[in-house]
Amino acid sequence: MAGTYLLEVNLCLALVILLYRAAFQRLTFFAANRLYLLFGMVFSIITPALRLPLWPGQWEQPSGVAARFIPEYALVEGIAGYSPQTYGSGFSQTLWIIYGCIAAWHLYKLFADIFAVARLIRKYPSRKLGTVRLVLVDNEIPASSFFNYIFVNQNLPDNASLRTCIAHELVHCRQGHSGDWLAVRLLSACCWFNPLMRFWREAITVNHEFIADAQAARQAGRFRYTHLLLNLSSSTQISPMHYFSYYGQIKSRIIMLHQTPSRAVSRLRFLAAVPLAALMLLFFSCEIPGSEANNISEYLNKDLVGMWENMNRITINDNDGKTPRDFPERSGDVKVCLSKLELRADGRFEMRDAGNANKLTGTWQSNSAGNAVQLFCDNEKTGTSVISLELEGDGDGSIAAWQHYSADEKLSAGHVFYEYKKL
């Protein structure tokens, strides 16, 4: 569901940035730090959306019986992360409205900043310099860059200073740093309530400056480059742009410029990301199999609650050269009664045959997306068996269901098609 997914994404982001601040941010491996931050953002977004079995066969039914139920409306609701029962309350709707309004405000500010940069590009003359374009600005705009546009003041004290500024900004342009910055700004707009997003914005922007400083200082010399940073420091800032000498970052940049390069063995610290990724997958992606203690899911599709009756049955035997199956199964083989199915609101279900006393009982549950259901069948002799269901259909009170029987040593594989009508 959307709320759970959003919370899990922010927890992942928090773990990633806390590890960065504890172990990596003081290292001089700037390119590796950038990769860690970018991969950490992507991994934090994808991990909660994954659904991985905790061990192979978790979603397989031990008895070999599988059924597929299927209503489209449940699938649509599951993908959208919405169900009337979960978000139907006025309080929950109010929270989502507040969240949406604040997120929209942050997005508005981001696009307003981008339009401000576009106005500067239109306002001042420019000229081509290789793959980038130099925008010649006045004294009010400090040296800066945005994607392939470099803003420079042509009235800088000397040509060497101008070349150093351009060399610094060229690094931002060639490595696509503006794309990183827009990504973290978009993420911050969606996760505005996360207090650690400030650390993400700071880590991304400062890391960009470290990368550009390291390359530009090789040409100009560290001490001359430091002196130029101090001379050109400015408080002017339009958020999406990279500034050559924004005063809010000068201290950390100068410290990093004169810091002793990290030893090669310090690269081993990045191995700490491996157990962190494993823990994130374990807690946010892996699904734990149902048991007697946790058979009922937090998500039950209430549209399916009720009595369903089988209206017809069509048998299809697969042509694999073995004896065709008879349905219901022969004596001694697995039997499942699908004449009537009752799904109850308390998470219990009952399947029984209209022509005899055979029945199955147990609990039913949905996965977190709401588009897959499992029936956990009680059996004193063989333990709990599982029938897996996938929801699909037209929402008119009917369910199309396929029950699959896998082949064994003597009998062919087969499928039985059922059509249920809600009573």
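Side notes on the structure shown:
- Mean shadow area of the stretch 98-151 over all directions, Cα convex hull, nm²: 4.5
- Modelled FRET efficiency - R0 30 Å, Arg26 with Leu129, Cβ distances, 0.05 increments: 0.30
- Thr315 paired with Thr361, simple spin-label distance in nm, labels 7 Å along Cα-to-beta-carbon: 3.0
- Neighbour net charge for Leu230 - beta-carbon separation under 15 angstrom, K R +1, D E -1: +2
- Proximity of backbone amide H atoms, modeled 1.01 Å from N, is registered between Leu52 and Cys286, Glu287 at under 5 Å, excluding neighbours fewer than 5 places apart on the same chain.
- Label-to-label distance for Ala413 and Tyr247 is 7.2 nm, based on points extended 7 Å past Cα in the beta-carbon direction.
- Put simply, when 201-214, 253-266, 128-141 are sorted by average Cβ atoms within 10 angstrom per residue, most first, you get 201-214, 128-141, 253-266.
- If a spin label sat at a point 7 angstrom from the Cα of Gln175 along the line to its beta carbon, no backbone N atom of the stretch 263-286 would be nearer than 17 Å.
- For Thr260 and Val305, a Förster radius of 41 Å and the Cβ-Cβ distance give a FRET efficiency of 0.05, rounded to the nearest 0.05.
- Note on Ser92 and Arg348: their simple-model spin labels are 2.5 nm apart, each label 7 Å out from Cα toward Cβ.
FYI, it's all coordinate maths here, none of it is from the lab. What you see is a predicted model, and the numbers here were worked out from it, not measured in a lab. Here Cβ is always computed from backbone atoms with ideal geometry, including for glycine, and neighbour counts include all displayed protein chains.
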